[in-house]
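**Q** Next up is a structure, given as structure tokens.
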Amino acid sequence: REVGFIFDLDGVIVDTAKYHFLAWRKLANELGFEFTKEQNEMFKGVSRRRCLEILLDIGGVTATTEQFNRWLIEKNEDYLSYIEKMDQSEILPDVERVLSYLRSKNIPIALGSASKNAIPILEKVKLTDFFEVVVDGNHVTKAKPDPEVFMIAAKQIGVSAQNCVVFEDAIAGIEAANKAKMVSIGIGDAQVLTSADYVFKNFTEMDTSFLDKLINQ
Ligand code: B16
Ligand code: MG
């Protein structure tokens, strides 16, 4: 197989960052400190455990292992209560157009996400069928910026790493794609995703001729 496309989930396919934010802020407030939207930027693409470590640093809170694990569960339960209510209206603009186009060209599509909730989210927004392979936080031992998640995805779709294209919204994710020698495409702010090979504000700005160029690279 010649080329393969790997999508990050949170921030690329759906905007679940806002739900992660609400859940982390609730926990911070319960522990007696504030947590801002700006601070939430650091949490993008970062594993749940690592996020909690950063959160506790922000609040100057030390935790026993037992507290740490309990707060992880609490945060996730709160997050899941938002996910529960998601539907197709939360798919980011033109994601389905791009997925459908790639499928029409028989290009293998994989998901490469840090989230352990990736499968239920894909089901909620009814996009599961587009993905030949789903590699998520349950399958990796090393989090982004380590390239592991994307390397596993490439292997599973049977495409060599340098022929894979990755869509990512997080700095850590772009770094992971670059380390894997994949083509990295940032979705978001070009001032933030400076090491991406290309950056688009969102998929509405990405036309078919650009996708064709990637397919025929
Ligand atoms: P969960 P992605 C990442 O998803 C999020 O960007 C990050 O904020 C979150 O902490 C991480 O998933 C873990 O998520 O708590 O659901 O396992 O962007 O890699 O799709
Ligand atoms: Mg992301």
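The values are calculated or read from the model by the stated rules, or taken from the named source; none is laboratory data. This structure is a prediction, so every number in the text was calculated from the model and none was measured. Here the Cβ is made from the backbone with ideal geometry for all residues, glycine too, and neighbour counts use every protein chain on show.
**Q** When the residues of the range 115-145 are narrowed to those that are of a type in the set (A, V, I, L, M), under 27 Å from Glu2 (Cβ atoms) and outside any helix (DSSP H, G or I), which ends up modelled with the lowest pLDDT?
**A** That would be Val140.
**Q** If you don't mind, another one. Given the conditions (1) over 15 Å from His20 (Cβ atoms); (2) more than 16 Å from ligand 2 (Cβ to nearest atom); (3) within 16 Å of the chain's Cα centre (by Cα), and given that Pro120 satisfies all but one, which numbered condition is not satisfied?
**A** The failed condition is (1).
**Q** Could you check the range 132-144 and list, in sequence order, the residues that are touching a residue at least 60 places away in the same chain (Cβ under 8 Å) and over 11 Å from the mean Cα position of the chain (by Cα)?
**A** To start, the set of residues in the range 132-144 that are touching a residue at least 60 places away in the same chain (Cβ under 8 Å) comprises 136-137, 143-144.
Ala143 - this is the single residue of the range 132-144 that is touching a residue at least 60 places away in the same chain (Cβ under 8 Å) and over 11 Å from the mean Cα position of the chain (by Cα).
**Q** Moving to a separate point now. Specify the residue that is farthest from Phe130 (Cα to Cα); the eligible residues are those in the range 146-164 that are without any contact (Cβ under 8 Å) to a residue 40 or more places away in the chain and not in a helix (DSSP H, G or I).
**A** Of everything passing the filter in the range 146-164, Asp146 is farthest from Phe130 (Cα to Cα).
**Q** I've got another one for you. Tell me which residues, restricted to the range 73-119, are away from ligand 1 (no atom under 12 Å from the Cβ), surrounded by 20 or more Cβ atoms within 10 Å (Cβ to Cβ) and over 20 Å from Ala154 (Cα atoms).
**A** Scanning the range 73-119 gives a single hit, Val95.
**Q** Of all the helices (runs of 4 or more DSSP H) wholly in the range 1-97, which have at least 2 residues that are touching a residue at least 40 places away in the same chain (Cβ under 8 Å) and within 17 Å of the chain's Cα centre (by Cα)? It would help to see each step written out before you state the result.
**A** On the way: elements: 17-30, 37-40, 48-59, 65-83.
Ranges flagged: 17-30, 48-59, 65-83.
**Q** Then there's this: Do the conditions hold for Met151, that is, is it more than 17 Å from the chain's Cα centre (by Cα), crowded, with 17+ Cβ neighbours inside 10 Å, more than 16 Å from ligand 2 (Cβ to nearest atom) and at negative phi?
**A** On the way: more than 17 Å from the chain's Cα centre (by Cα): no; crowded, with 17+ Cβ neighbours inside 10 Å: yes; more than 16 Å from ligand 2 (Cβ to nearest atom): yes; at negative phi: yes.
Judged against the criteria, Met151 is not a match.
**Q** Among the hydrophobic types (A, V, I, L, M, F, W, C), more than 30 Å from Lys201 (Cβ to Cβ), surrounded by fewer than 16 Cβ atoms within 10 Å (Cβ to Cβ) and within 12 Å of ligand 1 (Cβ to nearest atom) - does that describe any residue in the range 18-36?
**A** Within the range 18-36, none of the residues are among the hydrophobic types (A, V, I, L, M, F, W, C), more than 30 Å from Lys201 (Cβ to Cβ), surrounded by fewer than 16 Cβ atoms within 10 Å (Cβ to Cβ) and within 12 Å of ligand 1 (Cβ to nearest atom).
**Q** Does any residue of the range 196-203 turn out to be touching a Pro at 6+ places or on another chain (Cβ under 9 Å) and more than 20 Å from Asp146 (Cβ to Cβ)? Give the derivation first.
**A** First, the residues of the range 196-203 that are touching a Pro at 6+ places or on another chain (Cβ under 9 Å): 202-203.
Still in the list and also more than 20 Å from Asp146 (Cβ to Cβ): 202-203.
Checked against the condition, which is being touching a Pro at 6+ places or on another chain (Cβ under 9 Å) and more than 20 Å from Asp146 (Cβ to Cβ), the range 196-203 yields at least one hit.
**Q** Is there any pair linking a residue in the range 117-129 that is acidic (Asp, Glu) to one that is at pLDDT 95 or above, with Cβ under 8 Å and at least six apart or on different chains, and which?
**A** Cβ pairs passing all conditions: none.
**Q** Being farther than 16 Å from Tyr101 by Cα and more than 6 Å from ligand 1 (Cβ to nearest atom) is the filter; apply it to the range 1-16 and report the residue that is surrounded by the most Cβ atoms within 10 Å (Cβ to Cβ). Step through it out loud before you land on a result.
**A** From the range 1-16, those farther than 16 Å from Tyr101 by Cα are 1-2, 8-12, 14-16; that's our starting set.
Next, only the ones that are more than 6 Å from ligand 1 (Cβ to nearest atom) stay: 1-2, 12, 14-16.
Values: Arg1: 11, Glu2: 11, Val12: 25, Val14: 22, Asp15: 13, Thr16: 22.
Only one residue tops the list, namely Val12.
**Q** Counting only residues that are within 11 Å of ligand 1 (Cβ to nearest atom) and modelled with pLDDT under 95, which one in the range 37-48 is surrounded by the most Cβ atoms within 10 Å (Cβ to Cβ)?
**A** Gly45
**Q** Taking the range 165-188 only, how many residues are in a loop (DSSP other than H, G, I, E, B) and either under 13 Å from Gly45 (Cα atoms) or without any contact (Cβ under 8 Å) to a residue 12 or more places away in the chain (or both)? Don't jump to the end; show me each part of the working.
**A** Here is the first cut: in the range 165-188, the residues in a loop (DSSP other than H, G, I, E, B) are 169-170, 180-182, 188.
Within this subset, residues satisfying the condition of being either under 13 Å from Gly45 (Cα atoms) or without any contact (Cβ under 8 Å) to a residue 12 or more places away in the chain (or both) are 169-170.
Of the residues in that region, 2 qualify.
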